[in-house]
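**Q** Before anything else, here's the structure in question.
Just so it is clear, none of the values below were taken in a lab; they were calculated from the coordinates. Here the structure is a predicted model, which means the values were calculated and not measured. Heads up, the Cβs are rebuilt from the backbone with ideal geometry, glycines too, and the neighbour counts pull from every protein chain shown.
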Ligand code: C5P
């Protein structure tokens, strides 16, 4: 039988990363943050002096990506996020990253069955037959507030209004692109975390995943 796959999708700062990581720990499944792939491609292009909207440069960077490049701490920053959402709109970039993600889901790296993947198109494109699909969401104001506080806690300068504008721009790019736009799969369970703390959100996610997995 195919190993269980948990697909966790949702917009930026919806809590999907934290939920996915905790679910993986709970079930002892492998975990893949697919956003890191796009972030790494975006940063690779920017660092070489290129434009993340340049299709040829972005596609070449995606093809040349090595998993060792996913450990770079700079990938968590907003520059990487912005570059990621630009390269992510390019079909050739998505195609270059597809097989790695599908293989991860089918044959998790440590050989143990079971994988949790989080991103934007896991339930729709990467793993349409996933065992269970969770779509985490929250209002854009709540997401901006969480992101703003996270930056402040890390000791970085942050202005709420600026974070809100950046999130809105990234949402628009992710939802309106032609290639694998951000949308809940028709068979995904939507979890709105706007009014939930992280423990409450995790408890809700666990209830959704525990049935099928
Ligand atoms: O999830 P994260 O915020 O790290 O993703 C960064 C960007 O990468 C997203 O805004 C999106 O444009 C892109 N992405 C994607 N498909 C995925 C994961 C991320 O298009 N599966």
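**Q** By average Cβ neighbour count within 10 Å, what is the ranking of 87-98, 112-123, 72-83 from highest down? Before the final figure, lay out each step's value.
**A** Details: 87-98: 21.1, 112-123: 24.7, 72-83: 16.8.
The peptides rank, most packed first, as 112-123, 87-98, 72-83.
**Q** Still on this structure: Any chance you could tell me what percent of the C-alpha pair distances in the range 160-207 go past 11 Å? Working shown, then result.
**A** Numbers: 844 of 1128 pairs.
Summing the P(r) of the range 160-207 above 11 Å gives 75 percent of all pairs.
**Q** Provide, in order from the shortest bin, the percent of all Cα-Cα pairs of the range 86-133 in each 5 Å bin, continuing until the bin that contains the maximum pair distance.
**A** Distribution as computed: 4, 20, 30, 24, 14, 6, 2 percent.
**Q** Quick check on the range 25-96: what does the Kirkwood estimate of hydrodynamic radius come out to from the alpha carbon pairs, in Å?
**A** Details: mean 1/r = 0.0821 Å⁻¹.
One over the average 1/r among Cα pairs gives 12.2 Å for the range 25-96.
**Q** For the chain, what is the mean residue ellipticity at 222 nm derived from helices alone (per DSSP H run of n ≥ 4: -39500 (n - 2.57); sum divided by total residues; nearest 500 deg cm²/dmol)? Show your work: numbers first, answer last.
**A** Details: 8 runs with 105 residues, N = 213.
Calculated mean residue ellipticity at 222 nm is -15500 deg cm²/dmol.
**Q** Could you tell me whether the range 40-155 comes out rounded, prolate or oblate from its Cα gyration tensor? Rule is a ≥ b ≥ c as square roots of the eigenvalues, rounded for a/c under 1.5, then prolate if a/b exceeds b/c, otherwise oblate.
**A** Numbers: a/c = 1.62, a/b = 1.06, b/c = 1.52.
Because a/c hits 1.5 or more and a/b fails to exceed b/c, the range 40-155 counts as oblate.
**Q** Report the Stokes-Einstein translational diffusion coefficient (µm² s⁻¹, integer) for the chain, Rh taken as the Kirkwood radius over Cα pairs, at 4 °C with viscosity 1.567 mPa s. Intermediate values should be presented prior to the final figure.
**A** Values: Rh = 17.4 Å.
Rounded to a whole number, D works out at 74 µm²/s.
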